[in-house]
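This report concerns only the one structure given below.
Values quoted throughout were computed directly from the atomic coordinates according to the rules given, and no laboratory measurement underlies them. Note that the structure is a prediction, hence the values are computed from the model and not measured. All Cβ positions, even for glycine, are placed from backbone atoms using ideal geometry, and neighbour counts span all protein chains on display.
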2 protein chains.
Amino acid sequence: MPFRTPIKHCRNCGAAVVYRVPDDGDTRERAVCPACDTIHYENPLNVVGTVPYWGDKVLLCKRNIEPRWGKWTLPAGFMELGESTLEGAARETDEEAGAQVEMGPLLSVISVPRVGQVHLFYLARLLSDQFAPGHETIEARLFSEDEVPWEEIAFKTVKETLLRYFEDRRRGQFGVYNLEVT
Amino acid sequence: MPFRTPIKHCRNCGAAVVYRVPDDGDTRERAVCPACDTIHYENPLNVVGTVPYWGDKVLLCKRNIEPRWGKWTLPAGFMELGESTLEGAARETDEEAGAQVEMGPLLSVISVPRVGQVHLFYLARLLSDQFAPGHETIEARLFSEDEVPWEEIAFKTVKETLLRYFEDRRRGQFGVYNLEVT
């Protein structure tokens with residue numbers, strides 16, 4: 001279980017679980033409750049965010065939380081129940097940067113199997129260059145391509161997405177990039 | 001909690017949890033453990049699958065499991081920890097249809113907020129028209145566009161994906177479609 005804290009107790013009845021392959025034709029070990037037979041599945045999480053742009057600049061946020069405190073990132077966070085990937089990306093852009101945007105198309109879908117995550121980023125046109133970052137952000141600032149602190153980017157998925165964004169901006173046409181990073 | 005069975009007990013210590021907004025700046029109710037302070041997050045799940053094609057036909061699977069027993073679907077299932085979206089889609093194609101494929105590009109990314117899911121489908125070129133469906137599939141069969149049992153398709157995301165596939169096949173160019181279905 002390299003991803004998260006192992007499940008120790010059943011969410012349904014509280015009994016101690018055991019990790020084993022269930023008897024229902026499954027092929028993977030799951031946390032199974034010996035008392036009430038509940039099978040607990042653990043699956044990848046989606047992180048949803050945006051590339052907010054203003055002229056030739058993009059908006060980055062300096063992280064005020066771990067992991068990667070003090071590093072720069074695109075506004076993004078865990079997708080919640082009850083929202084679409086696009087709605088989650090818009091919500092995170094508001095929460096982390098306090099930025100007003102018009103949402104655009106999907107730009108990247110990047111799997112990170114090492115941590116059990118999929119990161120999805122959308123283009124987002126900034127409607128103002130005034131930001132009101134939330135408590136998870138030290139500073140929100142606009143950067144042109146040659147100003148981006150490439151060595152201080154918090155996550156590989158953010159770096160890959162920014163690289164695709166600037167490449168596509170130069171050629172004047174945006175694609176949708178499906179990648180995997182280690 | 002319209003999505004899943006509520007969490008009743010803490011996965012860490014087994015104590016009964018309470019649903020409340022945590023004190024860490026969060027804005028949503030979570031299952032919080034009053035004994036050990038563990039916060040339990042519940043997030044959307046990814047379903048990953050393929051559009052396996054052979055000439056002008058696509059491969060559909062007749063479901064041998066609930067929900068939608070007996071309806072037709074594309075091979076797809078829940079993404080697992082430790083794999084990419086593409087790897088998961090290939091795995092499900094093997095497990096559900098026993099189909100040998102060469103994986104192609106991403107075709108659709110469809111949010112289903114009502115059930116807390118995101119469905120991702122890839123193009124996949126069939127390498128053979130012989131299939132060995134697994135226990136979750138009654139029958140795996142090839143259908144041309146006018147043979148597809150449109151009224152017997154198990155999920156809206158599958159129908160939307162098939163419609164985009166056949167449209168794009170006619171125009172000779174495949175896009176990546178980001179949609180939301182209710």
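By how many degrees, between 0 and 90 and to the nearest 10, does the Cα long axis of helix B:156-171 differ from the longest principal axis of chain B? For helix B:156-171, the angle is close to 40 degrees.
In sequence order, the range A:9-23 has phi-based couplings of 10, 5, 6, 8, 10, x, 5, 5, 8, 10, 8, 7, 6, x, 8 Hz under the Karplus curve 6.51 cos²θ - 1.76 cosθ + 1.60, θ = phi - 60°, and Gly or Pro positions carry x.
For residue B:179, the residues whose modelled amide H falls within less than 5 Å of its own, excluding neighbours fewer than 5 places apart on the same chain, are B:109, B:110, B:111.
Just to confirm the number: angle between the C-alpha axis of helix B:85-97 and the first principal axis of chain B, 0 to 90 degrees, nearest 10? For helix B:85-97, the angle is close to 60 degrees.
For B:73-85, what's the mean count of beta carbons from other chains sitting within 10 Å of each residue's beta carbon? Spell out each step's value before the answer.
Working: counts 0, 0, 0, 0, 0, 3, 7, 8, 14, 8, 5, 11, 8.
Rounded to a whole number, the mean comes out at 5.
Taking a ≥ b ≥ c as the square roots of the eigenvalues of the Cα gyration tensor of the protein assembly as shown, is the shape rounded (a/c under 1.5), prolate (a/b larger than b/c) or oblate? Cα axes put the protein assembly as shown in the oblate bin.
Counting partner chain Cβ atoms within 10 Å of every residue's Cβ in A:41-49, what's the average? Could the numbers behind the result be given before it?
On the way: counts 4, 2, 10, 13, 6, 7, 1, 3, 0.
Taking the mean over all residues of the peptide, I get 5.
Sorted from shortest, what are the nm distances separating the label point of residue A:130 from equivalent points in the other copies, each placed 7 Å from Cα along Cα to C-beta? Going from nearest to farthest copy, the values are 7.0 nm.
Please report, in debye to the nearest 20, how large the charge dipole of chain B is about its Cα centre when each Lys and Arg carries +1 at its beta carbon and each Asp and Glu carries -1 there.
Values: 21 positive and 28 negative charges, 76 e Å.
Approximately 360 debye in magnitude.
Among beta bridges from DSSP that stay inside the protein assembly as shown, the antiparallel ones total about 65%.
Pairs of lysines 8 or more apart, or on different chains, with alpha carbons under 23 Å: count those in chain B, would you?
Details: B:57/B:71; B:57/B:156; B:57/B:159; B:62/B:71; B:62/B:156; B:62/B:159; B:71/B:156; B:71/B:159.
Total qualifying Lys-Lys pairs in chain B comes to 8.
Ranked by the mean number of other Cβ atoms within 10 Å of their residues, highest first, the peptides B:113-121, B:172-180 come out as B:113-121, B:172-180. For residue B:35, inter-copy separations between label points set 7 Å beyond Cα along the Cβ vector come to 0.9 nm, shortest first. Under 5 Å between amide hydrogens, built in the peptide plane, is the criterion, and for residue B:57 it picks out nothing among residues at least 5 positions away or on other chains.
Convex hull volume per residue, computed on the Cα atoms of the range A:1-156, equals 139 Å³. Inter-copy label distances for residue B:54: 5.6 nm (label point placed 7 Å from Cα along Cα→Cβ; shortest first). Where the centroid of each part is defined by its Cα atoms, how far is the range B:61-111 from the range A:60-99 in Å? About 29 Å separates the Cα centre of the range B:61-111 from the one of the range A:60-99. Checking the a/c ratio against 1.5 first, then a/b against b/c, what shape does the Cα gyration tensor give for the range B:84-182? It comes out rounded by the Cα gyration axes.
Annotation: amide H-H contacts under 5 Å for residue A:137 (H modelled 1.01 Å from N, sequence separation of 5 or more, or interchain): A:64.
Summarising the strand pairing of the range A:14-153, around 75 percent of its internal DSSP beta bridges are antiparallel. Phi-derived couplings, Karplus 6.51 cos²θ - 1.76 cosθ + 1.60 at θ = phi - 60°, listed residue by residue for the range A:62-79: 8, 6, 9, 9, 7, x, 6, 4, x, 8, 9, 9, 7, x, 6, x, 5, 4 Hz, with x used for Gly and Pro.
What does the charge count near residue B:170 come to, summing +1 for each Lys or Arg and -1 for each Asp or Glu among other residues with Cβ under 12 Å from its Cβ?
-1
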